[in-house]
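Read the structure below first, then the notes.
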Ligand SMILES: Cc1cc2nc3c(=O)[nH]c(=O)nc-3n(C[C@H](O)[C@H](O)[C@H](O)COP(=O)(O)OP(=O)(O)OC[C@H]3O[C@@H](n4cnc5c(N)ncnc54)[C@H](O)[C@@H]3O)c2cc1C
């Protein structure tokens, strides 16, 4: 038996927010692939759950006239993997979504749950960091945007005040135009395994396509929260691809601080970081010529 004291289904954003605010400690359920596992494991007791998966405003992927892409937090990994707009404009996100778990998890798990659970291994988070994603947070009568880089406060801790909901993920046109990217995940198994380490790279070449004009790099499991490597980015700008492949691994290793865990040692993760960075960089560079 799961230790659940109340299940409530919200049909609109205001109803969900009202239920969360009336019941201090009530928890949001999207796809349930994290939270129900935690309840089953006894990590959450006497759970009061507010299901949001019937709220149509939280679903779907669209683009507006200014080129801003809006992703509903209830978008599943499978939808991200197969959505034509994502495949054309943000393929890095389709790659990241395609690397998650197995088919059942990709059918049920949502991008909103992946962001809000606050874990460093969340596969879509590092790609969203390289896209400077803006997170729309709604509470009683207020809605504000937070940059994803400011959202992660610590392991499993995010800047989501009690009673609030992630209601959209926005990517601005300037954050994808001219960039080609790749997400590389290293895990012990090819399927049904969370990342030992994950690396997202977004690359913009100069007009002649000879030098790195801009590069954005983010890692998962390289620190307590998903991490953007701004110093490495500054160092690699202006390099040729050969210089970046040669110097990049030691540059990225100097900015991350992975830990020892039963999955892998710190030293192994540091080694792998350079390898997967180079792989992601090469594939982003190749995509720039496609
Ligand atoms: C077998 C298995 C394999 C997995 N493999 C991977 C993997 O390879 N990579 C990976 O990244 N993850 C993996 N996961 C973890 C999980 O599937 C993902 O993190 C998924 O994205 C969670 O989404 P969800 O909709 O199921 O979240 P839920 O479990 O519904 O919610 C997760 C958390 O986010 C909160 N939340 C959800 N939506 C919102 C919202 N809109 N507003 C506010 N708070 C919200 C919930 O309250 C909860 O705290 C795996 C899980 C399992 C069980």
Exercise for review: Please determine, by comparing only the residues of the range 1-24 that are without any contact (Cβ under 8 Å) to a residue 24 or more places away in the chain and either in a loop (DSSP other than H, G, I, E, B) or within 26 Å of the chain's Cα centre (by Cα) (or both), which one is nearest to the ligand (Cβ to nearest atom).
Suggested key: 14
Revision key, fill the gap. Wholly inside the range 74-131, helices (runs of 4 or more DSSP H) that include 2 or more residues that are more than 11 Å from the ligand (Cβ to nearest atom) and crowded, with 22+ Cβ neighbours inside 10 Å are 91-98, 123-130
Exercise for review: Among residues belonging to the range 163-189 that are part of a loop (DSSP other than H, G, I, E, B) and within 11 Å of the ligand (Cβ to nearest atom), point out the one that is nearest to the chain's Cα centre (by Cα).
Suggested key: 187
Check your understanding: Take the residues of the range 25-57 that are assigned to a strand (DSSP E or B) and within 11 Å of the ligand (Cβ to nearest atom): which is nearest to residue 105 (Cα to Cα)?
Key -> 29
**Study point:** Criterion (without any contact (Cβ under 8 Å) to a residue 40 or more places away in the chain and out of contact with any helix residue (DSSP H, G or I) (no Cβ under 8 Å at 6 or more places or on another chain)) met by exactly one of 27, 87, 36
**Key:** 36
Exercise for review: Scan the range 231-268 for residues that are at negative phi and at pLDDT 95 or above and report the count.
Suggested key: 25
Review point. Which of the residues spanning the range 120-147 are in contact (Cβ under 8 Å) with a residue 60 or more places away in the chain and out of contact with any helix residue (DSSP H, G or I) (no Cβ under 8 Å at 6 or more places or on another chain)?
Key: 120, 121
Practice item. For residue 71, indicate whether it is buried (at least 24 other Cβ atoms within 10 Å of the Cβ), touching a residue at least 24 places away in the same chain (Cβ under 8 Å) and within 16 Å of the ligand (Cβ to nearest atom). Key: yes
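The values are calculated or read from the model by the stated rules, or taken from the named source; none is laboratory data. Predicted model, so just to flag it, every value in this text is computed and none were measured. Counting neighbours? That spans all protein chains shown, and the Cβs are built from the backbone with ideal geometry, glycine included.
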